[in-house]
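Input: a single structure, listed below in structure tokens.
The values are calculated or read from the model by the stated rules, or taken from the named source; none is laboratory data. From a predicted model like this one, the values you see are computed outputs, not experimental measurements. Note that each Cβ is placed from the backbone with ideal geometry, even for glycine, and that neighbours are counted across all protein chains shown. For the accessible areas, the whole protein counts, side chains as well, though only heavy atoms, and no ligand, DNA or RNA atoms are used. Shrake-Rupley method; radii C 1.70, N 1.55, O 1.52, S 1.80 Å.
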Amino acid sequence: KAGVTQTPRYLIKTRGQQVTLSCSPISGHRSVSWYQQTPGQGLQFLFEYFSETQRNKGNFPGRFSGRQFSNSRSEMNVSTLELGDSALYLCASSLDSSSRDTQYFGPGTRLTVL
Amino acid sequence: AQSVTQLGSHVSVSEGALVLLRCNYSSSVPPYLFWYVQYPNQGLQLLLKYTTGATLVKGINGFEAEFKKSETSFHLTKPSAHMSDAAEYFCAVSGGANNLFFGTGTRLTVIP
């Protein structure tokens, strides 16, 4: 079974632009979560989508948004990019929206904001 | 609320020596605990997890961890380190909602 895939793997943007990242979960998984990883703040939860609905949201500004499609694929959007948004963005999928489910991570999208 | 503390941001061991990576958690609900490993330029790979039942959990690559409620700990061990174990290790807790709270990570160096 194919793992979680994320596209693109690398992105370079400039301040003020917006960006969209894509995540395809493992087949049959209905929950998709997004995390931001930076050297300073570590791994932080952004949001979780299940059945096209946002179930949980971390402590990030409204510039960070996401959505999930009927096939469980998910996109994350960041508007008005800031230098501090440079990070590795990780997507994880799980079978269901249960806290005991294992989350399987993709390779990440590395975003650089100049 | 949930949180995780990983003691030691860097740990060095000799090849063949015991690996011990420490993790303490805080949780207002019964915790589910996870250890993940991250190799350079890759995502996170699950090593093992504790949900309920047996408190000694065995994972992949010879790793295991013991859930100790009285000590709020979930330390990761491996009897004999291998060069391929060099990576960053993250302890995480969830509970209540399907989101993971991660520790700050421990970078493991294996000395030949």
Original post:
Hey, among B:Phe67, B:Phe74, B:Phe90, which residue is assigned to a strand (DSSP E or B), within 12 Å of the chain's Cα centre (by Cα), over 20 Å from B:Ser14 (Cα atoms) and away from chain A (no Cβ under 14 Å)?
Top reply: B:Phe74
Original post:
Can you tell which of A:Val78, A:Val32 is more than 14 Å from chain B (Cβ to nearest Cβ), open to solvent by less than 30 Å² (accessible area, probe 1.4 Å) and in contact (Cβ under 8 Å) with a residue 40 or more places away in the chain?
Top reply: A:Val78
Original post:
When you scan the range A:37-81, how many residues do you find that are closer than 20 Å to A:Leu95 by Cα and assigned to a strand (DSSP E or B)?
Top reply: 17
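Each row is one residue, and each column tells you yes or no for (1) over 15 Å from the mean Cα position of the chain (by Cα); (2) surrounded by fewer than 20 Cβ atoms within 10 Å (Cβ to Cβ); (3) away from chain B (no Cβ under 14 Å).
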| position | (1), (2), (3) |
| --- | --- |
| A:Gly58 | no, yes, no |
| A:Phe64 | no, yes, yes |
| A:Arg67 | no, yes, yes |
| A:Ser70 | yes, yes, yes |
| A:Gly84 | yes, yes, yes |
| A:Cys91 | no, no, no |
| A:Ser99 | yes, no, no |
| A:Gln103 | no, no, no |
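Scan the range A:47-56 for residues that are touching a strand residue (DSSP E or B) at 6+ places or on another chain (Cβ under 7 Å) and open to solvent by 40 Å² or more (accessible area, probe 1.4 Å) and report the count. Spell out how you get there, then give the answer.
Initial filter on the range A:47-56 (touching a strand residue (DSSP E or B) at 6+ places or on another chain (Cβ under 7 Å)): A:47-50, A:52, A:54-56.
Going one step further and asking which of them are open to solvent by 40 Å² or more (accessible area, probe 1.4 Å), we end up with A:52, A:54-55.
Residues flagged as touching a strand residue (DSSP E or B) at 6+ places or on another chain (Cβ under 7 Å) and open to solvent by 40 Å² or more (accessible area, probe 1.4 Å) within the range A:47-56 amount to 3.
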**OP:** Residue by residue through the range A:48-75, note down the ones that are touching a residue at least 24 places away in the same chain (Cβ under 8 Å), aromatic (Phe, Trp, Tyr) and over 19 Å from A:Lys13 (Cβ atoms).
**Re:** A:Tyr49, A:Phe50
Subject >> Flag for B:Thr52 being open to solvent by 60 Å² or more (accessible area, probe 1.4 Å), within 14 Å of another protein chain (Cβ to nearest Cβ) and over 24 Å from A:Gln37 (Cβ atoms) >> reply: yes
Subject >> Residues located in the range A:1-29, provided they are open to solvent by 20 Å² or more (accessible area, probe 1.4 Å) and within 11 Å of another protein chain (Cβ to nearest Cβ) >> reply: A:Gly3, A:Thr5, A:Arg9, A:Tyr10
Original post:
Can you name the residue in the range B:21-45 that is exposed (fewer than 13 other Cβ atoms within 10 Å of the Cβ) and without any contact (Cβ under 8 Å) to a residue 60 or more places away in the chain and, of all such residues, is nearest to B:Asn61 (Cα to Cα)?
Top reply: B:Tyr39
**OP:** Among the residues of the range A:22-36, count how many are outside any strand (DSSP E or B) and of a type outside the set (Gly, Ala, Ser).
**Re:** 4
**OP:** Working carefully through the options B:Asn61, B:Asn98, find the one that is within 12 Å of chain A (Cβ to nearest Cβ) and free of Cβ contacts under 8 Å to residues at least 40 places away in the same chain.
**Re:** B:Asn98
